[in-house]
Amino acid sequence: MIGLNHYLIVSALLFSIGLVGVLRRRNLLMLFFATEVMLNAVNIAFAAISHYYNDLTGQMFAFFVIAIAASEVAVGLGILIVLYKKQGSLDLDELATMKG
Amino acid sequence: MENLVYVALFAPLISSLFAALFGMSPRQTFVGIVSSVLLFVSMLASLILAYHVYQTGMPIHVTMMEWISMGDLFIPFGFLVDQVSVTMMSVVTLVSTVVHVYSIGYMDHDKSFNRFFSYLSAFVFSMMVLVMSDNFAGLFIGWEGVGVCSWLLIGFWYHKPDQSREENPSISPSWAANEAFIVNRIADLGMLVGIFILYWNVGSLQYDEVFAALPNLSESILTAAALALFIGAMGKSAQFPLHTWLTDAMEGPTPVSALIHAATMVTAGVFLVIRANPLFSMTPEVSFFIAALGTFVAFFAASMALVNRDLKRIIAFSTLSQLGYMFAAAGLGAYWIALFHLGAHAFFKALLFLGAGNVMHAMHDELDIFKMGGLKKQMKWTYIYMGVASLALAGIPPLAGFFSKDAIIETAFNEGRLVLWAILVVTAGMTAFYSFRQVFLTFDGDERYKEFGIHPHEMYKFVLVALSPLALLAVAAGFFQGAFHDFVTRLLPEYEMSEHTHHLALILGAIVLVFAVGGIVLAYKKYAKGLRRDEKVENGFLYKLLANQYYIPHLYEEIISKPYKMISDLMWKNVDLKIVDATVDGIAKFLYKSGDGTRKMQTGNLSSYLNWMAIGGILLLVVAMLSAMLG
């Protein structure tokens, strides 16, 4: 039987993968993907806990997250394209222009 | 009558504020005239009040408003016009009016003419608050107010540079102003302690309530309060050992010396002792100390006046000496005689100072009497005024000083204090000598000023006319002794000479008179023909001791000023620089260094920012977990 803990473990694993991606990757596009992975990890946790408590609020919240993530990707990708046209690269190490 | 109290009190304040409006603008004669008129109004109000109190014998007590009222503390702005305060009010306003008119002439060429009147009137207002207040708090406000005005006025010519002490016993006005202020702070601490002692034990600062509660207090508390209050009086009245500021205060303009440092402010200490006479009559030890100190100062100051060459300082020493007389009388319980001498002294001493101002004006601010002589030709009226004032000071009948001073000396005899009596008699002789030494050296003999290319001239007419009331009072005030006695002893304790003294009064008076006349004759013989300097005497130890004021200014310099400066230097270099400054600098340096260190985080690389963010998030998580587990 698959219980709440299993869902939560999957969620935690996915979140960790996403986090490592955010921390280790240098390509901005990959960073985006990693962020999406983290968001979806949270969505899994929301849905699982919502189901566990028989409360729909969590699932509704997951839908909101998905909607916002979609719009975020739309805007983010647009910016990325402009950035790539301008800089010719999406590598973060090369984009470090605001050194203090 | 109530309105007259307010008129008498606030006319000087209005005068001060009015003059202050023109403080920054160039000299305008009408400012002086308006101030003088307002002071005259205040004088009229005071005199009418005096007449009223004299007629009815009833004091007027008004409460203008509550000032502090919280818990058990209740201090109103109340004013009391009784026999003592109305005497002081009359003396203060009368002398102030004359001094204001005089200043119009004396400060004629000064560019800060308007400012001067503002300060002078502010002083009169403070003095009125001091004498009219019906509680110790109001008295203290006035006490500090006159201190501030004294500081402003001594340092009126603050731009004058420092002069060294050796060649000329003269220092800068700003130095003298600071000295006066600081010395008075020391004494005011004593005064505050006295007021606190009374408040703690009585729970009120109103005179009537405090004095009514005195019999319930223990002897040690009474003694402590009396001593502390007297320390305050010592500072304001420049009694030994706090006397040095008074002669240095002569750096101020002469009208200031006449008003503040002769007639009014310095007598505030005597006024305090008279006002608090119920307290001092219950503490015979303190009273005797006051009398002994007063007698000592009378002699001590007179001895320094014997050899001084500075016209104004001689008069300042004589003021000190006469204040000593007043304290002697007050300490011996003859409060009304002290008040009588206070009034009489105010008239002839102000006249003497203003006369000296005329001489200074004529001599282009030269003060050395060895450089004067023969001025009576050019300055006939000033000569007469100063002569009359000196006669009154010397105690020659029938002038004012004779009656008041003789009464004090008689009191000392009556109390059986023969040592004090003898000293006071000898001092009377010295007083006569130094006053006339000064008069003769200034006005008689050879005209020594000619070598210095000075062309003396008499003061303006209106100034000389303005001085006449003082001269009249210096001559005639003594005749009112009986009436004055009846007037003030309704409030002050009666003091009568014993039968024995009464019989000897004539002989006692004659002894004093012999000393006084002897002093004058001696001065005449030595100085009237001209200045003959005796090298041997001037190089003698005694002469040098007196000329250097017993080396007390030097002593204070050595044991107080210099160590103080040394300690300040040490504290500055070791404590301030090495501890206080170092701490502040350390904090600043730490912030600067840590900022510099963390600046390296700003790589501009988004990836490393994200790493930092993750670290922060993890830290927060750890903190949240720890707090959940622990708490």
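Give all pairs with beta carbons closer than 8 Å in which a residue from the range B:575-603 that is free of Cβ contacts under 8 Å to residues at least 40 places away in the same chain meets a residue that is assigned to a helix (DSSP H, G or I); count only pairs at least 6 apart in sequence or on separate chains.
B:Met601/B:Ser608; B:Met601/B:Trp612; B:Thr603/B:Tyr609
Do any residues in the range B:343-361 that are surrounded by fewer than 24 Cβ atoms within 10 Å (Cβ to Cβ) have Cβ atoms under 8 Å from those of residues that are of a type in the set (Lys, Arg) and modelled with pLDDT under 90, where the two are at least six apart or on different chains, and which pairs are they?
B:Met360/B:Lys312
Which condition does A:Ser71 not pass, out of (1) polar (S, T, N, Q); (2) in a loop (DSSP other than H, G, I, E, B); (3) more than 14 Å from every other protein chain (Cβ to nearest Cβ), if it passes all the others?
(2)
Could you please let me know if A:Ile79 is within 14 Å of chain B (Cβ to nearest Cβ), within 18 Å of the chain's Cα centre (by Cα) and in a helix (DSSP H, G or I)? Show your work before the answer.
Numbers: within 14 Å of chain B (Cβ to nearest Cβ): yes; within 18 Å of the chain's Cα centre (by Cα): yes; in a helix (DSSP H, G or I): yes.
So A:Ile79 passes the test.
Among the candidates B:Lys593, B:Lys600, which residue alone is surrounded by fewer than 11 Cβ atoms within 10 Å (Cβ to Cβ) and away from chain A (no Cβ under 14 Å)? Can you show your working first?
Numbers: B:Lys600 fails: away from chain A (no Cβ under 14 Å).
Result: B:Lys593 is the single residue among B:Lys593, B:Lys600 that is surrounded by fewer than 11 Cβ atoms within 10 Å (Cβ to Cβ) and away from chain A (no Cβ under 14 Å).
Between a first residue in the range B:521-542 that is of a type outside the set (Ser, Thr, Tyr) and a second residue that is in a loop (DSSP other than H, G, I, E, B) and loosely packed, with under 15 Cβ neighbours inside 10 Å, which pairs have beta carbons less than 8 Å apart while being 6 or more apart in sequence or on different chains?
B:Lys526/B:Arg532; B:Gly530/B:Asp446; B:Leu531/B:Asp446
Name the residue, out of B:Gly78, B:Gly57, that is surrounded by fewer than 21 Cβ atoms within 10 Å (Cβ to Cβ), in contact with a strand residue (DSSP E or B) (Cβ under 6 Å, 6 or more places away or on another chain) and of a type in the set (Gly, Ala, Ser). Break it down into steps so the answer makes sense when it comes.
Details: B:Gly57 fails: in contact with a strand residue (DSSP E or B) (Cβ under 6 Å, 6 or more places away or on another chain).
Result: B:Gly78 is the single residue among B:Gly78, B:Gly57 that is surrounded by fewer than 21 Cβ atoms within 10 Å (Cβ to Cβ), in contact with a strand residue (DSSP E or B) (Cβ under 6 Å, 6 or more places away or on another chain) and of a type in the set (Gly, Ala, Ser).
Show the residue pairs meeting these rules: Cβ distance below 6 Å; 6+ apart or different chains; first residue within the range B:381-392 and touching a residue at least 12 places away in the same chain (Cβ under 8 Å); second residue of a type in the set (S, T, N, Q) and part of a helix (DSSP H, G or I).
From residues that are touching a residue at least 12 places away in the same chain (Cβ under 8 Å), the pairs are B:Thr382/B:Asn358; B:Ser390/B:Ser435.
Please state which one of B:Ile579, B:Ile587 is modelled with pLDDT of 95 or more and not basic (Lys, Arg). Don't jump to the end; show me each part of the working.
Values: B:Ile579 fails: modelled with pLDDT of 95 or more.
Being modelled with pLDDT of 95 or more and not basic (Lys, Arg) holds for just one of B:Ile579, B:Ile587, which is B:Ile587.
Which of the residues belonging to the range B:191-220 are in contact with an Asp or Glu (Cβ under 7 Å, 6 or more places away or on another chain) and under 19 Å from B:Gly142 (Cα atoms)?
From the range B:191-220, those in contact with an Asp or Glu (Cβ under 7 Å, 6 or more places away or on another chain) are B:202-203, B:206-207; that's our starting set.
Selection gives B:Gln206, B:Tyr207.
Scan B:Ile560, B:Ile579, B:Ile587, B:Ile618 and give me the residue that is within 14 Å of chain A (Cβ to nearest Cβ) and either farther than 30 Å from B:Thr244 by Cα or of a type outside the set (Asp, Glu) (or both). Working first, answer last.
Details: B:Ile560 fails: within 14 Å of chain A (Cβ to nearest Cβ); B:Ile579 fails: within 14 Å of chain A (Cβ to nearest Cβ); B:Ile587 fails: within 14 Å of chain A (Cβ to nearest Cβ).
Within the list B:Ile560, B:Ile579, B:Ile587, B:Ile618, the selection yields B:Ile618.
Go through the residues of the range A:23-35 one by one and say whether even a single one is more than 11 Å from chain B (Cβ to nearest Cβ), among the β-branched types (Val, Ile, Thr) and either under 19 Å from the mean Cα position of the chain (by Cα) or on the phi > 0 side of the Ramachandran plot (or both).
There is no residue in the range A:23-35 that is more than 11 Å from chain B (Cβ to nearest Cβ), among the β-branched types (Val, Ile, Thr) and either under 19 Å from the mean Cα position of the chain (by Cα) or on the phi > 0 side of the Ramachandran plot (or both).
Any residue at all in the range B:327-336 that's under 26 Å from B:Glu447 (Cα atoms) and in contact with a Leu (Cβ under 9 Å, 6 or more places away or on another chain)? So that I can check it myself, show each step before the final result.
Of the range B:327-336, the ones under 26 Å from B:Glu447 (Cα atoms) are none.
Within the range B:327-336 (the criterion being under 26 Å from B:Glu447 (Cα atoms) and in contact with a Leu (Cβ under 9 Å, 6 or more places away or on another chain)), the answer is no, since none of the residues qualifies.
Has the range B:214-224 got any residue that is touching a residue at least 12 places away in the same chain (Cβ under 8 Å), on the phi > 0 side of the Ramachandran plot and not in a helix (DSSP H, G or I)?
No.
Could you figure out which of (1) in a helix (DSSP H, G or I); (2) without any contact (Cβ under 8 Å) to a residue 24 or more places away in the chain isn't true of A:Asn40?
(2)
When you check B:Val359 against the structure, is it under 17 Å from the mean Cα position of the chain (by Cα) and in a helix (DSSP H, G or I), yes or no? Can you show your working first?
Values: under 17 Å from the mean Cα position of the chain (by Cα): no; in a helix (DSSP H, G or I): yes.
No, not satisfied.
Considering only residues that are part of a helix (DSSP H, G or I) and surrounded by 14 or more Cβ atoms within 10 Å (Cβ to Cβ), which ones fall in the range A:82-100? Break it down stepwise before answering.
To start, the set of residues in the range A:82-100 that are part of a helix (DSSP H, G or I) comprises A:82-87.
Correct list: A:Leu83 only.
Name the one entry in B:Thr411, B:Thr442 that is surrounded by 19 or more Cβ atoms within 10 Å (Cβ to Cβ), among the β-branched types (Val, Ile, Thr) and farther than 30 Å from B:Ala291 by Cα. Write out each step before concluding.
Values: B:Thr411 fails: farther than 30 Å from B:Ala291 by Cα.
Exactly one residue qualifies, and that residue is B:Thr442.
Of B:Gly194, B:Gly190, B:Gly232, which residue is in a helix (DSSP H, G or I) and touching a residue at least 60 places away in the same chain (Cβ under 8 Å)?
Values: B:Gly194 fails: touching a residue at least 60 places away in the same chain (Cβ under 8 Å); B:Gly190 fails: touching a residue at least 60 places away in the same chain (Cβ under 8 Å).
Every option except B:Gly232 fails the conditions.
Is one or more of the residues making up the range B:473-494 among the hydroxyl-bearing types (Ser, Thr, Tyr) and either within 21 Å of B:Pro255 (Cα to Cα) or assigned to a helix (DSSP H, G or I) (or both)?
No; the residues of the range B:473-494 include none that is among the hydroxyl-bearing types (Ser, Thr, Tyr) and either within 21 Å of B:Pro255 (Cα to Cα) or assigned to a helix (DSSP H, G or I) (or both).
Looking at the range B:549-569 only, could you name the residues that are within 26 Å of the chain's Cα centre (by Cα) and of a type in the set (Asp, Glu)?
Across the range B:549-569, the qualifying residues are B:Glu557, B:Glu558.
Pick out the one residue from A:Leu19, A:Leu8 that is within 14 Å of chain B (Cβ to nearest Cβ) and either of a type in the set (A, V, I, L, M, F, W, C) or part of a strand (DSSP E or B) (or both).
Working: A:Leu8 fails: within 14 Å of chain B (Cβ to nearest Cβ).
The conditions single out A:Leu19.
Looking for whichever is farther than 26 Å from B:Glu494 by Cα, outside any helix (DSSP H, G or I) and within 27 Å of the chain's Cα centre (by Cα) here; the options are B:Asp365, B:Asp446. Which one fits?
Details: B:Asp446 fails: within 27 Å of the chain's Cα centre (by Cα).
Matching residue, one of B:Asp365, B:Asp446: B:Asp365.
What number of residues within the range A:1-40 satisfy the criterion of being among the aromatic types (Phe, Trp, Tyr) and farther than 30 Å from A:Ala96 by Cβ? Don't jump to the end; show me each part of the working.
Filtering the range A:1-40 for residues among the aromatic types (Phe, Trp, Tyr) gives A:7, A:15, A:32-33.
Still in the running and farther than 30 Å from A:Ala96 by Cβ: A:7.
Final tally of qualifying residues: 1.
How many of the residues in the range B:100-139 are in a helix (DSSP H, G or I) and closer than 30 Å to B:Ser204 by Cα?
Step one: of the range B:100-139, the residues in a helix (DSSP H, G or I) are B:100-106, B:113-132, B:136-139.
When the remaining residues are screened for being closer than 30 Å to B:Ser204 by Cα, the result is B:122-132, B:136-139.
Here the count works out to 15.
All but one of (1) closer than 16 Å to B:Met88 by Cβ; (2) within 24 Å of the chain's Cα centre (by Cα); (3) not charged (D, E, K, R) hold for B:Ser15; which doesn't?
Tallying (1) closer than 16 Å to B:Met88 by Cβ; (2) within 24 Å of the chain's Cα centre (by Cα); (3) not charged (D, E, K, R), B:Ser15 fails exactly one: (1).
Could you figure out which of (1) free of Cβ contacts under 8 Å to residues at least 24 places away in the same chain; (2) within 21 Å of the chain's Cα centre (by Cα) isn't true of B:Thr56?
(2)
Which numbered condition trips up B:Val270, out of (1) over 22 Å from B:Ser133 (Cα atoms); (2) part of a helix (DSSP H, G or I)?
(1)
Using the structure shown, decide if B:Leu375 is crowded, with 23+ Cβ neighbours inside 10 Å, among the aliphatic types (A, V, I, L, M) and part of a helix (DSSP H, G or I). Steps first, answer last, please.
Numbers: crowded, with 23+ Cβ neighbours inside 10 Å: yes; among the aliphatic types (A, V, I, L, M): yes; part of a helix (DSSP H, G or I): no.
Answer is no for this residue.
The values are calculated or read from the model by the stated rules, or taken from the named source; none is laboratory data. All values reported here derive from a predicted model rather than from experimental measurement. Ideal geometry is used to build each Cβ from the backbone, glycine not excepted, and the neighbour counts take in all protein chains shown.
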